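The values are calculated or read from the model by the stated rules, or taken from the named source; none is laboratory data. This one's a predicted model, so the numbers in the text were calculated from it and none came from an experiment. Glycine also receives a Cβ, built like all others from the backbone with ideal geometry; neighbour counts cover every protein chain displayed.
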Amino acid sequence: MIPTQKKSIFLKFSTTENGTEQKEMTFMDHLEALRWHIVRSLIAWIVGAIIIFINSDWIFDNVILAPSNNNFISYSAFCNFGKFLHLGKSLCMPPVEIPLQGNTMSGPFLAAINISLIGGFIAVFPYIFYEFWKFIKPALSLKELKYGRKSIFWVSFCFFIGCAFGYYLLAPFTFNFLANFTIGKIGAYKYMPTLDDYIDTLTNLLLGCGIAFELPILAVVLAKIGLISATFLKNYRKYAYVIILILAAVITPSPDWISQTIVALPLLILFEISIVLVKKIDKKKIEEEKQWE
């Protein structure tokens, strides 16, 4: 076996991607480089937030409030899909009414700021990750650079797919369940959430699903550094399935297995995709070890 040299972003980099020499950088040089990556990311974030703030009225009416309306596309789509499968109205959710209220003078303005910041971050996420990639890029070997060339696309793709899943699926199910859930039979409790509560719930779903859909990317990274393997994921598959099904049962507004399956299926697929990707990485590691023997 040929010993490999440890790499660090705080050490001298021998070559860059095109094979040219790169001078040694001190700790302060790295801090300066990191500072500019953060500054450029913040500028992009602020620009995205300003654009969304300028159009906050349209975004609030057509994007933020959309999952709380009866005519939201997800409600009709699931209802029509259930009828197409001859399941009757099992996938049709009850009408949802979420009257929002405010208890502070600055509520609408702060809500607009919150929407702008979260929306701006989601909009410029690919660029923010690009700046992060540029910072760690010099510390990677040529082989790692080869594997990581498409990382910006795949990380952004998984993030946006997760946000779409949270917006078009989890948000309608969550709001419908919470709006129609009651405690007691005398109607003493009336569901009237505040504007901040509604926006926080929606944004948490979007960002949470966006991060959760990075599972395959995270699995690939952990597999490359040797923390997990396909065998490990397969051994704990049944526990992962149980956790996913429990989450689906909590999220869905009705206890029927069809609704739970619709929510759980994407998460199960992501887990299986992670196993396939990690298995390919394990296979490549074995082949490389045989070449060095």
Exercise. Within region 63-89, can you find the residues that are on the phi < 0 side of the Ramachandran plot and either loosely packed, with under 13 Cβ neighbours inside 10 Å or assigned to a loop (DSSP other than H, G, I, E, B) (or both)?
Worked result: Leu65, Asn69, Asn70, Asn71, Phe72, Ile73, Ser76, Asn80, Phe84, Leu85, Leu87, Lys89
For this session: Considering each of Ala77, Ala49 in turn, give the residue that is free of Cβ contacts under 8 Å to residues at least 12 places away in the same chain and not charged (D, E, K, R).
Result: Ala77
For this session: Could you identify the single residue in Ile211, Ile275 that is touching a Lys or Arg at 6+ places or on another chain (Cβ under 7 Å), outside any loop (DSSP other than H, G, I, E, B), at pLDDT 80 or above and closer than 21 Å to Cys158 by Cα?
Result: Ile275
Seminar exercise, completed: Of the conditions (1) modelled with pLDDT of 75 or more; (2) among the β-branched types (Val, Ile, Thr); (3) in a helix (DSSP H, G or I); (4) in contact with a helix residue (DSSP H, G or I) (Cβ under 9 Å, 6 or more places away or on another chain), the single one that Thr261 does not satisfy is (1)
Exercise. If you go through region 229-251, how many residues are modelled with pLDDT under 80 and out of contact with any Phe, Trp or Tyr (no Cβ under 6 Å at 6 or more places or on another chain)?
Worked result: 8
Exercise. Is region 114-127 home to any residue that is more than 24 Å from the chain's Cα centre (by Cα), of a type outside the set (Ser, Thr, Tyr) and under 28 Å from Thr194 (Cα atoms)?
Worked result: no
Exercise. Asp196 fails exactly one of the following numbered conditions: (1) modelled with pLDDT of 80 or more; (2) within 13 Å of the chain's Cα centre (by Cα). What is the number of that condition?
Worked result: (2)
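If I ask for residues that are in contact (Cβ under 8 Å) with a residue 24 or more places away in the chain and loosely packed, with under 15 Cβ neighbours inside 10 Å, which ones from region 91-109 would you list?
Pro94, Pro95, Glu97, Pro99, Gln101, Gly102, Asn103, Pro108
Could you please find all residues in region 52-68 being among the polar types (S, T, N, Q) and in contact (Cβ under 8 Å) with a residue 12 or more places away in the chain?
Answer for region 52-68, where residues must be among the polar types (S, T, N, Q) and in contact (Cβ under 8 Å) with a residue 12 or more places away in the chain: Ser56, Ser68.
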